[in-house]
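Notes to accompany the following structure.
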Amino acid sequence: MLALMLAVISLLTAPEYFEYTPDLVTVTETGVGEVTISFNSKVTNYKLQHIEDPDECNTVYQLEAWSSAWDRMFKRPGAQAVTVPADNSRPLLIYFMQFDNAGSGNTSMCLYGKADPDNSGWVALPGLSLGYWLIINIVLFIILGALWLGARKKEHFRRWVEYLLLIPIAYGLGHLCVLGFRTVSYSEWRDFQLILAVGVLLYCAMLLALNFFTPEKIF
(Lines give C-alpha, C1' and ligand atoms only; values in the text may rest on other atoms or scores of the structure.)
Protein backbone atom coordinates (compact mmCIF):
# COMPACT_ATOMS: atom_id res chain seq x y z
CA MET A 1 0.00 0.00 0.00
CA LEU A 2 2.82 2.41 0.88
CA ALA A 3 4.61 1.57 -2.35
CA LEU A 4 1.43 2.26 -4.33
CA MET A 5 0.91 5.57 -2.55
CA LEU A 6 4.52 6.57 -3.23
CA ALA A 7 4.16 5.63 -6.91
CA VAL A 8 1.01 7.78 -7.18
CA ILE A 9 2.77 10.69 -5.48
CA SER A 10 5.70 10.37 -7.89
CA LEU A 11 3.33 10.65 -10.84
CA LEU A 12 1.50 13.62 -9.33
CA THR A 13 4.73 15.48 -8.54
CA ALA A 14 6.41 14.77 -11.90
CA PRO A 15 7.59 18.09 -13.44
CA GLU A 16 5.53 19.38 -16.37
CA TYR A 17 7.88 21.78 -18.11
CA PHE A 18 6.54 24.87 -19.82
CA GLU A 19 7.14 26.00 -23.33
CA TYR A 20 8.10 29.65 -23.55
CA THR A 21 5.37 32.21 -24.16
CA PRO A 22 5.69 35.99 -23.72
CA ASP A 23 3.27 35.98 -20.79
CA LEU A 24 5.01 33.11 -18.98
CA VAL A 25 8.12 35.02 -17.88
CA THR A 26 9.05 38.69 -18.10
CA VAL A 27 12.51 40.17 -17.71
CA THR A 28 13.19 43.64 -16.33
CA GLU A 29 16.45 45.45 -15.68
CA THR A 30 17.16 47.27 -12.43
CA GLY A 31 19.26 50.36 -12.00
CA VAL A 32 22.27 48.49 -10.64
CA GLY A 33 22.69 46.13 -13.55
CA GLU A 34 20.72 43.28 -12.05
CA VAL A 35 17.98 41.48 -13.97
CA THR A 36 14.70 40.39 -12.40
CA ILE A 37 12.73 37.50 -13.88
CA SER A 38 9.03 37.46 -12.99
CA PHE A 39 6.83 34.41 -13.49
CA ASN A 40 3.23 33.82 -14.45
CA SER A 41 1.15 32.49 -11.56
CA LYS A 42 0.87 29.07 -13.21
CA VAL A 43 4.62 28.52 -12.74
CA THR A 44 5.06 26.84 -9.36
CA ASN A 45 8.72 25.81 -9.61
CA TYR A 46 11.79 27.02 -11.41
CA LYS A 47 15.49 26.28 -11.63
CA LEU A 48 18.05 28.93 -12.49
CA GLN A 49 21.61 27.74 -12.80
CA HIS A 50 24.83 29.33 -13.92
CA ILE A 51 26.67 27.41 -16.62
CA GLU A 52 30.07 27.83 -18.17
CA ASP A 53 30.29 29.60 -21.50
CA PRO A 54 32.53 27.55 -23.85
CA ASP A 55 33.77 30.78 -25.43
CA GLU A 56 34.26 32.46 -22.04
CA CYS A 57 32.74 35.63 -23.42
CA ASN A 58 29.42 35.78 -21.53
CA THR A 59 27.89 35.05 -18.15
CA VAL A 60 25.30 32.40 -19.04
CA TYR A 61 22.29 31.19 -17.05
CA GLN A 62 19.76 28.49 -17.86
CA LEU A 63 16.18 28.85 -16.68
CA GLU A 64 13.68 26.00 -16.34
CA ALA A 65 10.06 26.51 -15.30
CA TRP A 66 7.48 23.87 -14.48
CA SER A 67 4.39 22.91 -12.55
CA SER A 68 2.86 19.58 -11.54
CA ALA A 69 -0.50 17.95 -11.00
CA TRP A 70 0.25 17.93 -7.27
CA ASP A 71 0.76 21.72 -7.20
CA ARG A 72 -2.48 22.33 -9.09
CA MET A 73 -4.39 19.90 -6.91
CA PHE A 74 -3.35 21.66 -3.70
CA LYS A 75 -3.29 25.11 -5.30
CA ARG A 76 0.33 25.77 -4.45
CA PRO A 77 1.25 29.46 -4.84
CA GLY A 78 3.20 30.21 -7.97
CA ALA A 79 6.81 31.32 -8.04
CA GLN A 80 7.06 35.11 -7.86
CA ALA A 81 10.40 36.32 -9.16
CA VAL A 82 14.13 35.71 -9.09
CA THR A 83 16.95 38.23 -9.43
CA VAL A 84 20.08 37.52 -11.45
CA PRO A 85 23.10 39.38 -10.05
CA ALA A 86 25.07 41.73 -12.24
CA ASP A 87 28.43 40.78 -13.70
CA ASN A 88 30.21 43.88 -14.91
CA SER A 89 33.04 41.91 -16.50
CA ARG A 90 30.91 39.99 -19.01
CA PRO A 91 27.61 40.44 -20.86
CA LEU A 92 24.70 38.51 -19.40
CA LEU A 93 22.81 35.81 -21.32
CA ILE A 94 19.76 33.98 -19.99
CA TYR A 95 18.38 30.99 -21.89
CA PHE A 96 14.95 29.50 -21.33
CA MET A 97 15.09 25.71 -21.58
CA GLN A 98 12.26 23.80 -23.24
CA PHE A 99 11.74 20.06 -22.93
CA ASP A 100 9.89 17.25 -24.67
CA ASN A 101 6.73 17.25 -22.60
CA ALA A 102 6.12 20.87 -23.55
CA GLY A 103 5.87 19.77 -27.17
CA SER A 104 8.74 21.97 -28.34
CA GLY A 105 11.65 19.56 -28.42
CA ASN A 106 14.83 19.85 -26.38
CA THR A 107 15.68 23.41 -27.31
CA SER A 108 16.40 26.73 -25.72
CA MET A 109 15.68 30.33 -26.56
CA CYS A 110 17.55 33.44 -25.54
CA LEU A 111 15.43 35.17 -22.92
CA TYR A 112 17.80 38.02 -22.21
CA GLY A 113 20.99 39.38 -23.76
CA LYS A 114 22.47 39.42 -27.22
CA ALA A 115 23.31 35.93 -28.35
CA ASP A 116 25.68 35.21 -31.20
CA PRO A 117 23.59 34.79 -34.40
CA ASP A 118 25.78 31.82 -35.33
CA ASN A 119 24.96 30.16 -32.01
CA SER A 120 21.63 28.31 -32.15
CA GLY A 121 21.48 28.10 -28.36
CA TRP A 122 21.71 25.22 -25.95
CA VAL A 123 20.24 21.77 -26.33
CA ALA A 124 18.81 20.05 -23.26
CA LEU A 125 19.70 16.37 -23.20
CA PRO A 126 17.93 13.92 -20.88
CA GLY A 127 19.95 11.84 -18.45
CA LEU A 128 20.66 8.25 -19.46
CA SER A 129 21.96 6.82 -16.19
CA LEU A 130 18.61 5.34 -15.14
CA GLY A 131 18.60 3.32 -18.33
CA TYR A 132 22.08 2.01 -17.53
CA TRP A 133 20.95 1.09 -14.02
CA LEU A 134 18.01 -0.80 -15.51
CA ILE A 135 20.32 -2.75 -17.83
CA ILE A 136 22.57 -3.67 -14.89
CA ASN A 137 19.45 -4.69 -12.98
CA ILE A 138 18.33 -6.99 -15.81
CA VAL A 139 21.79 -8.59 -16.03
CA LEU A 140 21.77 -9.15 -12.27
CA PHE A 141 18.32 -10.74 -12.51
CA ILE A 142 19.52 -13.13 -15.23
CA ILE A 143 22.61 -14.15 -13.24
CA LEU A 144 20.65 -14.70 -10.04
CA GLY A 145 17.94 -16.54 -11.97
CA ALA A 146 20.54 -18.92 -13.36
CA LEU A 147 21.95 -19.51 -9.87
CA TRP A 148 18.44 -20.16 -8.56
CA LEU A 149 17.76 -22.75 -11.25
CA GLY A 150 21.07 -24.44 -10.54
CA ALA A 151 20.51 -24.62 -6.79
CA ARG A 152 17.27 -26.61 -6.65
CA LYS A 153 18.74 -29.33 -4.42
CA LYS A 154 20.49 -26.90 -2.07
CA GLU A 155 17.65 -25.53 -0.01
CA HIS A 156 19.60 -23.13 2.19
CA PHE A 157 21.69 -21.67 -0.67
CA ARG A 158 18.63 -21.43 -2.87
CA ARG A 159 16.78 -19.45 -0.21
CA TRP A 160 19.58 -16.87 -0.02
CA VAL A 161 19.56 -16.60 -3.81
CA GLU A 162 15.81 -15.95 -3.62
CA TYR A 163 16.42 -13.12 -1.16
CA LEU A 164 18.91 -11.58 -3.57
CA LEU A 165 16.70 -12.24 -6.59
CA LEU A 166 14.00 -10.04 -5.07
CA ILE A 167 16.33 -7.01 -5.29
CA PRO A 168 16.36 -6.63 -9.10
CA ILE A 169 12.65 -7.53 -9.21
CA ALA A 170 11.83 -4.79 -6.68
CA TYR A 171 14.02 -2.24 -8.47
CA GLY A 172 12.46 -3.08 -11.84
CA LEU A 173 8.96 -2.68 -10.42
CA GLY A 174 10.01 0.59 -8.79
CA HIS A 175 11.30 1.85 -12.14
CA LEU A 176 8.03 0.83 -13.78
CA CYS A 177 5.99 2.64 -11.13
CA VAL A 178 7.98 5.88 -11.41
CA LEU A 179 8.98 6.10 -15.08
CA GLY A 180 6.88 3.47 -16.79
CA PHE A 181 8.71 2.13 -19.82
CA ARG A 182 10.88 5.25 -20.23
CA THR A 183 14.60 4.99 -19.53
CA VAL A 184 15.56 8.68 -19.82
CA SER A 185 14.78 11.51 -17.45
CA TYR A 186 15.31 15.25 -17.11
CA SER A 187 15.18 14.93 -13.30
CA GLU A 188 17.37 11.89 -12.70
CA TRP A 189 18.16 12.39 -9.03
CA ARG A 190 14.51 12.89 -8.08
CA ASP A 191 13.39 9.87 -10.09
CA PHE A 192 16.24 7.69 -8.78
CA GLN A 193 15.30 8.50 -5.18
CA LEU A 194 11.67 7.63 -5.85
CA ILE A 195 12.61 4.39 -7.62
CA LEU A 196 14.74 3.36 -4.64
CA ALA A 197 12.01 4.29 -2.16
CA VAL A 198 9.34 2.32 -4.03
CA GLY A 199 11.78 -0.54 -4.59
CA VAL A 200 12.68 -0.81 -0.89
CA LEU A 201 9.01 -0.93 0.09
CA LEU A 202 8.25 -3.57 -2.53
CA TYR A 203 11.31 -5.59 -1.51
CA CYS A 204 10.19 -5.63 2.13
CA ALA A 205 6.68 -6.68 1.10
CA MET A 206 7.95 -9.48 -1.16
CA LEU A 207 10.41 -10.63 1.49
CA LEU A 208 7.62 -10.97 4.04
CA ALA A 209 5.44 -12.79 1.51
CA LEU A 210 8.28 -15.17 0.61
CA ASN A 211 8.94 -16.10 4.22
CA PHE A 212 5.24 -16.45 4.98
CA PHE A 213 4.11 -18.53 2.02
CA THR A 214 7.28 -20.59 1.45
CA PRO A 215 9.05 -21.01 4.79
CA GLU A 216 12.53 -22.51 4.66
CA LYS A 217 12.65 -26.20 5.45
CA ILE A 218 14.80 -27.18 8.39
CA PHE A 219 16.30 -30.66 8.37
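The values are calculated or read from the model by the stated rules, or taken from the named source; none is laboratory data. Fair warning: this is a prediction, and the values are worked out from it, not measured in the lab. Counting neighbours? That spans all protein chains shown, and the Cβs are built from the backbone with ideal geometry, glycine included.
Find the residue count for region 78-105, including only residues that are at pLDDT 80 or above and part of a loop (DSSP other than H, G, I, E, B).
Initially, region 78-105 is screened for residues at pLDDT 80 or above, giving 80-85, 90-98.
With the extra rule that they be part of a loop (DSSP other than H, G, I, E, B), the set shrinks to 80, 85, 90-91.
Qualifying residue count, region 78-105: 4.
Check whether at least one residue in region 16-29 is touching a helix residue (DSSP H, G or I) at 6+ places or on another chain (Cβ under 7 Å), in a strand (DSSP E or B) and either surrounded by 13 or more Cβ atoms within 10 Å (Cβ to Cβ) or at pLDDT 85 or above (or both), and report yes or no. Walk me through it before giving the result.
If we filter region 16-29 for residues that are touching a helix residue (DSSP H, G or I) at 6+ places or on another chain (Cβ under 7 Å), which is where we start, we get 16-19.
Among the residues that remain, those that are also in a strand (DSSP E or B) are: 16-17.
Those still in the list that are either surrounded by 13 or more Cβ atoms within 10 Å (Cβ to Cβ) or at pLDDT 85 or above (or both) too: 16-17.
Yes, because at least one residue in region 16-29 is touching a helix residue (DSSP H, G or I) at 6+ places or on another chain (Cβ under 7 Å), in a strand (DSSP E or B) and either surrounded by 13 or more Cβ atoms within 10 Å (Cβ to Cβ) or at pLDDT 85 or above (or both).
Does Tyr132 satisfy the condition of being closer than 30 Å to Glu52 by Cα and modelled with pLDDT of 90 or more? Can you show your working first?
Values: closer than 30 Å to Glu52 by Cα: yes; modelled with pLDDT of 90 or more: yes.
Against the criterion (closer than 30 Å to Glu52 by Cα and modelled with pLDDT of 90 or more), Tyr132 qualifies.
Please go through region 166-219 and pick out each residue that is outside any helix (DSSP H, G or I) and either closer than 22 Å to Leu140 by Cα or touching a Cys at 6+ places or on another chain (Cβ under 6 Å) (or both). Lay out the reasoning, then the answer.
We begin by selecting, within region 166-219, every residue outside any helix (DSSP H, G or I); these are 180-187, 214-219.
Listed by number, the residues that qualify are Gly180, Phe181, Arg182, Thr183, Val184.
For Cys110, the conditions (1) assigned to a loop (DSSP other than H, G, I, E, B); (2) modelled with pLDDT of 80 or more; (3) in contact with a Gly (Cβ under 8 Å, 6 or more places away or on another chain) all hold with the exception of (1). Scan region 38-71 residue by residue and report those that are out of contact with any Phe, Trp or Tyr (no Cβ under 8 Å at 6 or more places or on another chain), under 14 Å from Ile94 (Cα atoms) and in contact (Cβ under 8 Å) with a residue 24 or more places away in the chain. Listed by number, the residues that qualify are Ser38, Asp53, Cys57, Asn58, Thr59.
Within region 41-50, is there a residue that is farther than 28 Å from Gly180 by Cβ, modelled with pLDDT of 80 or more and loosely packed, with under 12 Cβ neighbours inside 10 Å? Checked against the condition, which is being farther than 28 Å from Gly180 by Cβ, modelled with pLDDT of 80 or more and loosely packed, with under 12 Cβ neighbours inside 10 Å, region 41-50 yields at least one hit.
Among the numbered conditions (1) out of contact with any Ser or Thr (no Cβ under 7 Å at 6 or more places or on another chain); (2) under 16 Å from Gln98 (Cα atoms); (3) assigned to a loop (DSSP other than H, G, I, E, B), the only one that Val43 does not meet is (1). Checked against (1) free of Cβ contacts under 8 Å to residues at least 60 places away in the same chain; (2) not in a strand (DSSP E or B), Ser10 passes all but a single condition, namely (1).
Have a look at Ala115, Ala124, Ala151, Ala197 and point out the one that is over 25 Å from Ile9 (Cα atoms), modelled with pLDDT under 90 and either of a type in the set (Ser, Thr, Tyr) or within 17 Å of the chain's Cα centre (by Cα) (or both).
So the residue among Ala115, Ala124, Ala151, Ala197 that is over 25 Å from Ile9 (Cα atoms), modelled with pLDDT under 90 and either of a type in the set (Ser, Thr, Tyr) or within 17 Å of the chain's Cα centre (by Cα) (or both) is Ala124.
Table: residues versus (1) touching a residue at least 60 places away in the same chain (Cβ under 8 Å); (2) within 30 Å of Ser67 (Cβ to Cβ); (3) not β-branched (Val, Ile, Thr).
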position: Ile135; (1), (2), (3): no, no, no
position: Leu165; (1), (2), (3): no, no, yes
position: Ser187; (1), (2), (3): yes, yes, yes
position: Ala205; (1), (2), (3): yes, no, yes
